[in-house]
């Protein structure tokens, strides 16, 4: 059908940008596109495992350092020079990939440097209206001005969400006066009917040191529960390793099918409120307790939007009490009404690959 050459370049801050590119890559393959993947760090490692037959390129890594003490938003601003240098590097690297491999289309998930004047370039982003913490709120219009100016270097911006009643991102996906297109919920998972195996699944993800801090908080508390529990640590290693102790099973990392099965087999999920995680939970129609990463205003906004809608119970990391959270989560509905087929993504790809 298409036969075009497409490079897909997800950001490497956590795994979410990479995992939500999986359905895009699969749709491109259905259209007989030759897909190239350009990324770095754990995102590159994850996609190598998911698509071992594709060609990969390593881009400059942002190497963002997260602090236990400095608020997330301020920490990012303090590293802005390093971020801008990395954007410049990846711009040159992507151009070389395009030239050497005769690329027809570039799709960037939040990599601001992965655009080109030679080929159509798509920017995937659900957070067009960046939210800054209260102490930096006066800077928000300025930050969003430069954010939007960077996005305008691309041909188009795709929003991984759906319009209307079941929109997940709310105010986050508004505010850009530029060609935008909703491409539906991006999830690598497919909803299936399976038997319940676990009372609780803990799915950890996100940047260090907060991932480890949350793991330690939760692990202490699950040992006191008379529940069948599985904990997915979200640490990518060469091999998948399981440890079983009484009613608790712990695994370092699961690939798509196995993780989908674990989530589907669980009555309740505990997870971060990262947007890719929320899309996965929405696609599978699960009930969840969400714990935003401290200081990440985007995760806090998304979590409290779902709390206000009666979909998920939300609790901060510092106040997390498992027994209390399990009780309060009973009054929440969980996700539903998300289509399993993503027609919006299909339409967007058909349009850009014409």
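What follows is calculated from the coordinates using simple rules that are stated; it is not laboratory data. The model shown is predicted, which means the values in this text are computed figures rather than measured ones. Reconstructed Cβ throughout: ideal geometry from the backbone, glycine too, with neighbour counts over all protein chains shown.
For this structure, a couple of remarks:
- Each 5 Å bin from zero up to the one holding the largest Cα-Cα distance in region 198-329 carries the following percent of pairs: 2, 10, 22, 26, 22, 13, 3, 1, 0.
- DSSP beta bridges in region 198-329 [antiparallel fraction, %, rounded to 5]: 20
- Using R0 = 41 Å, the C-beta based FRET efficiency linking residue 87 and residue 330 works out to 0.35.
- Extension gain, residue 167-residue 117: 0.36 nm per intervening residue step, less the Cα-Cα distance, totals 14.8 nm.
- The chain: calculated mean residue ellipticity at 222 nm from DSSP helix runs of at least 4, using -39500 (n - 2.57): -10500 deg cm²/dmol
- Ranked from largest, the principal axis spans of the Cα set of region 262-342 equal 37, 26, 24 Å.
- Estimated D of the chain in µm² per second, where Rh is the Kirkwood radius over Cα pairs and Stokes-Einstein applies at 10 °C, 1.306 mPa s: 76
- Ranked for footprinting exposure by Cβ neighbours inside 10 Å, fewest first, 154, 56 give 56, 154.
- Remark: spin-label model distance residue 242-residue 323 equals 3.0 nm, labels positioned 7 Å along the Cα→Cβ axis.
- Fully extended contour minus Cα-Cα distance, from residue 137 to residue 347, at 0.36 nm per residue: 71.9 nm
- Degrees separating the helix 210-222 axis from the principal Cα axis of the chain, which is the longest one: 20
- Applying 0.36 nm per residue to the separation of residue 304 and residue 196 and subtracting their alpha-carbon distance, the gain on full extension is 36.1 nm.
- Centre separation in Å (Cα based) which lies between region 238-302 and region 100-119: 31
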